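First the structure, in the form of structure tokens, and then the observations on it.
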Amino acid sequence: MLINSIFFINNSGDIFLEKHWRAVVSRSVCDHFFEAQTKASSPEDVPPIITANKNYLISIYREKIYLVAVAQMEVQPLFVVEFMHRVMDTFTEYFDDCTESAIKDNIIVVYQLLEEMLDNGFPLATELNILTELIKPPTIINKAVSIVTGKEGVSSVLPGSQLSNVPWRRQGVKYANNEAYFDCVEDVDAIIDANGSVVSAEIHGNINCNVHLSGMPDLNMSFVNPRILDDVSFHPCVRLKRWENEKILSFIPPDGCFVLMSYHISAQNQVAIPVYVRAMINFKDGHGKVDITVGPKQTLGKTVSSVLE
């Protein structure tokens, strides 16, 4: 992957931040993006890939901000998209927010992070554990120390984990209480007939983790029926060979919050939806009434609680 520049653009079409790595790319390259933005019915409808003469513009839209990456040769778009999402996630972890004002208020840290995350157009340090060791988050204490000492808050020592075979985990982690939380978050897209029976259903899910374990823990996670999982993608900590051979997730986790894997369960599998849906439709003399009842349903797993309407 080779990225020449990244432009940060707000909804008004103003470029409020730009970063160049190999050579300065003129802002006029974004004219093709602005043209597509004008034609789009909503911000999410802007084409994610735009060809502009000898340049390729790859964009994402988050927190009312467009990130537009410029590449001057053919690249794999999904890698660029994933990197830009990683940039926004990092900003959120550093600043507790990723709005235009938050980025402007921490402009020095933003440029430091971009400089470390990309080296001459290639991804370098994208793991949060490494970045927090290299660049201190902009807390009040760190800002005060920076003002008094005149230091920029960038470590002069390379993190030891960056040179190890597990760069996603910092060394010397110690906790008085060891704990790990795993949340399976799923979006269910289903078609249900008038009788409440499921016609088709598919699931997109993520396994979100919050791990606080001392040392260098080695964890295994197994599934009741891993064969139904399609289009899986993993955090770099997962050992792919173990998954391919045994369908077991074996990994040394990063410290803190991360997404272990994402997956898709297609409509061809028998998906047990944890809620029931019943509809009562009555029409008479040009008007009618629709009543929809949704509630938890007993399945093989845990009963759904706190159903929101």
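General remarks:
- A 1.4 Å probe run over the chain, with the rest of the protein chains in place, finds 60 Å² accessible per residue.
- Angle between the chain longest axis and helix 77-95 axis [Cα atoms, degrees, rounded to 10]: 80 degrees
- Working note: 222 nm ellipticity from helices only, DSSP H runs with n ≥ 4, each -39,500 (n - 2.57), summed and divided by the residues of the chain, gives -6500 deg cm²/dmol to the nearest 500.
- Full extension of the chain between N178 and K289 yields a length gain of 34.6 nm, computed as 0.36 nm times the residue separation minus the alpha carbon distance.
- Candidate values (1) 23.0; (2) 22.3; (3) 20.3 were compared with Kirkwood radius over Cα pairs in Å computed on the shown model; the agreeing label is (1).
- Backbone amide hydrogens, once placed in the peptide plane, bring N4 within less than 5 Å of V70, A71, Q72, excluding anything fewer than 5 places away on its chain.
- Near D230, the amide H atoms lying under 5 Å from its own belong to H264, I265, S266; only residues 5 or more places off or on other chains count, and H is placed 1.01 Å from N.
- The alpha carbon centroids of the range 169-190 and the range 49-120 are separated by 26 Å.
- Aspartates and glutamates with Cα under 19 Å of K297, excluding same-chain neighbours fewer than 8 positions away: E186, D187, D189, D193, E202, E309
- Taking the Cα centre of the chain as origin and assigning +1 to Lys and Arg Cβ atoms and -1 to Asp and Glu Cβ atoms, the resulting dipole is close to 480 debye.
- Within the accessible area of the chain (1.4 Å probe), percent carbon and sulfur: 52 percent
- Cα shape, the range 1-87, gyration tensor, a/c 1.5 rule: rounded
- Extension gain (nm, one decimal) between R239 and H212, 0.36 nm per residue minus Cα-Cα: 7.7 nm
- Computed with a 1.4 Å probe over protein heavy atoms only, the accessible area of C257 comes to about 100 Å².
- The listed residues M280, M261 rank as M280, M261 when sorted by accessible area, largest first, using a 1.4 Å probe.
- The angle between the Cα long axis of helix 107-117 and the longest principal axis of the Cα atoms of the chain comes to about 80 degrees, rounded to the nearest 10.
- Ranked by the mean number of other Cβ atoms within 10 Å of their residues, highest first, the peptides 74-87, 117-130 come out as 117-130, 74-87.
The values are calculated or read from the model by the stated rules, or taken from the named source; none is laboratory data. Computed from a predicted model, the values in this text were never measured in an experiment. A quick note on method: Cβ atoms are made from the backbone with ideal geometry, for glycine too, and the neighbour counts reach across all protein chains shown. We work out accessible area using only protein heavy atoms, side chains counted, and drop any ligands, DNA or RNA first. Shrake-Rupley method; radii C 1.70, N 1.55, O 1.52, S 1.80 Å.
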